[in-house]
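First comes the structure, then the notes that go with it.
The values are calculated or read from the model by the stated rules, or taken from the named source; none is laboratory data. Since the model is a prediction, treat every value here as computed from it, not as a measurement. Ideal geometry is used to build each Cβ from the backbone, glycine not excepted, and the neighbour counts take in all protein chains shown. These area figures cover heavy atoms from the full protein model, side chains too; ligands, DNA and RNA do not enter into them. Shrake-Rupley method; radii C 1.70, N 1.55, O 1.52, S 1.80 Å.
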Amino acid sequence: MLPLLEVLDASYQRLRRRPLGFGACPASLEQAPLGERLEWLHTQAPFMLLAQDTQADPVYFYSNATASERFGYSAEEFLATPARFSAPPEGREERAELIERTYALGFTVGYSGVRVTKTGRLFRIHDVELWVVHDATGILIGLGALVWTAPL
């Protein structure tokens, strides 16, 4: 998972001018080797970190431990689930509009909304940051999301 996180982090830095997790990770990790910060993002970050691909019906290709736990999927299940299922049916159109806007602008910040777990429980998301993800050669590979959660 760390190579995927390197790609997410590099794309985020190009657009946001700071590494993923800065301000939320322990201060010691802000000066630590890249691998240590990425490991923290993957296993301990207090926010969800996700990435979906560019298919017509996108599927997640990355989720950190917090995202898998919050949505109630195993990592394997989550990575085989269409991303649209993260929103309840009545919120999918709004989600799709947000994604379109993000692709047009390159990134979006400050979104709030409602999401749904595998078992149908709703929860609130806030202070969401979305950004387009390009690989090292500049090819568009999807959309990244840094998502904070709260109870409804």
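Computed with a 1.4 Å probe over protein heavy atoms only, the accessible surface of the chain comes to 50 Å² per residue. Principal-axis analysis of the Cα atoms of the chain puts helix 34-43 at an angle of about 30° to the longest axis. With a cut-off of 10 Å between beta carbons, the residues surrounding Pro19 carry a summed charge of +2, where Lys and Arg count +1 and Asp and Glu -1.
Using C-alpha pairs below 8 Å separated by at least 6 residues, the relative contact order for the chain is 22 percent. Around Thr43, what is the net charge, scoring Lys/Arg as +1 and Asp/Glu as -1 over all other residues with Cβ under 12 Å from its Cβ? Counting the neighbours of Thr43, the net charge comes to -2. Only one item in (1) -0.52, -0.76, -0.90, -1.25; (2) -0.25, -0.54, -0.73, -1.53; (3) -0.39, -0.71, -0.86, -1.29 matches log10 I(q)/I(0) by the Debye sum over Cα atoms at q = 0.09, 0.13, 0.15, 0.21 Å⁻¹ derived from the coordinates shown, and that item is (2). What is the distance in Å between the Cα centroid of the stretch 73-121 and that of the stretch 1-43? That distance is 22 Å. Positive contributions from Lys and Arg (+1) and negative ones from Asp and Glu (-1), summed over other residues with Cβ under 13 Å from the Cβ of Ile141, come out at -3.
Among Thr54, Thr43, Thr137, the largest mean-square fluctuation in a Gaussian network model of the chain (Cα springs under 10 Å) belongs to Thr137.
Relative contact order, whole percent, for the stretch 23-69 stands at 31, derived from Cα pairs under 8 Å and 6 or more residues apart.
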